[in-house]
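One structure below.
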Amino acid sequence: MKKLILVGLMFLYAVSGTALAGDAAAGKAKSAACGGCHGFDGNSPIPAYPKLAGQNEAYIVKQVHDFKANTVRQNPIMFGMVAALSDQDAADIGAYFQAQSVKDVAAFDETKLAAGREIYKGGNMQTGVPACQACHGPTGGGMAGIGYPQLGGQYVDYTLAQLKAFKDGSRKNDDKNLMRTIVEKMSDEDMAAVANYIASLK
């Protein structure tokens, strides 16, 4: 009997996992409303709005859920945009954007790259800041398997705004307070340097 229950639970898990797997083709149509801010292929034309091209599906799905909950990540525009999306919609949209490619790196300040690279690659032993690449990869590709976001080529304005939001607590949807714990040890200059280095990554 126990074996039957176990098999049944495994079947239900497999079915639910399959049901929520994103369909990029369906996501293309469902993402049309996202195009005004994020670009129809995920290459946002506006530095204040993130590029979603190449972003991993798991991360996008989580952000949709968090915007819908309107607690740990609040944004009036996004709250309205995602209100009617189902879990399947979120997965489909995530799959579509994941399948796209970042066209160009964002503009960045070359004078900040050396300092940004040092922190991104090696962290800061004196202040206890770990290397960004430990979670986001050496080229900013992220870790899709655990939902850590792609960062490479992202706009400086957007990345810096998110780092500041984690630091002041207005954004608190990071796993186990990971980002908030890190950025509280970073100065404004550190965050600006890292944001510029991230923008330069391909």
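Every number here is computed from the coordinates shown, using simple stated rules; none is lab data. Source: prediction; values computed, not measured. Backbone-built Cβ (ideal geometry, glycine too); neighbour counts: all protein chains shown.
Miscellaneous remarks
- Dividing the C-alpha radius of gyration of segment 110-200 by 2.2 N^0.38 Å, with N its residue count, gives 0.97.
- Formal net charge of residues neighbouring residue 127 (Cβ-Cβ distance under 9 Å; K, R +1; D, E -1): 0
- The slack between residue 127 and residue 32, meaning 0.36 nm per residue of separation minus the straight C-alpha distance, is 29.8 nm.
- Taking the charge dipole of the chain about its Cα centre, with +1 at Lys and Arg Cβ atoms and -1 at Asp and Glu Cβ atoms, the residue from 138, 102, 198 reaching farthest to the positive side is 138.
- For residue 148, distant residues with modelled amide H under 5 Å away: 143
- For residue 43, the shell of other residues with beta-carbons less than 11 Å away shows a net charge of 0, using +1 for Lys and Arg and -1 for Asp and Glu.
- The alpha-carbon of residue 172 sits under 17 angstrom from the alpha-carbons of these aspartates and glutamates, leaving out residues fewer than 8 places away in its chain: 66, 184.
- For the pair residue 40 and residue 146 in one chain, pulling the backbone fully straight at 0.36 nm per residue adds 35.6 nm over the alpha carbon distance.
- Among 81, 125, 143, residue whose mean-square fluctuation peaks in a GNM of the chain (springs only between Cα atoms under 10 Å): 125
- Intensity falloff of the chain expressed as log10 I(q)/I(0), Debye formula with alpha-carbon point scatterers, at q = 0.08, 0.14, 0.19 Å⁻¹: -0.29, -0.83, -1.38
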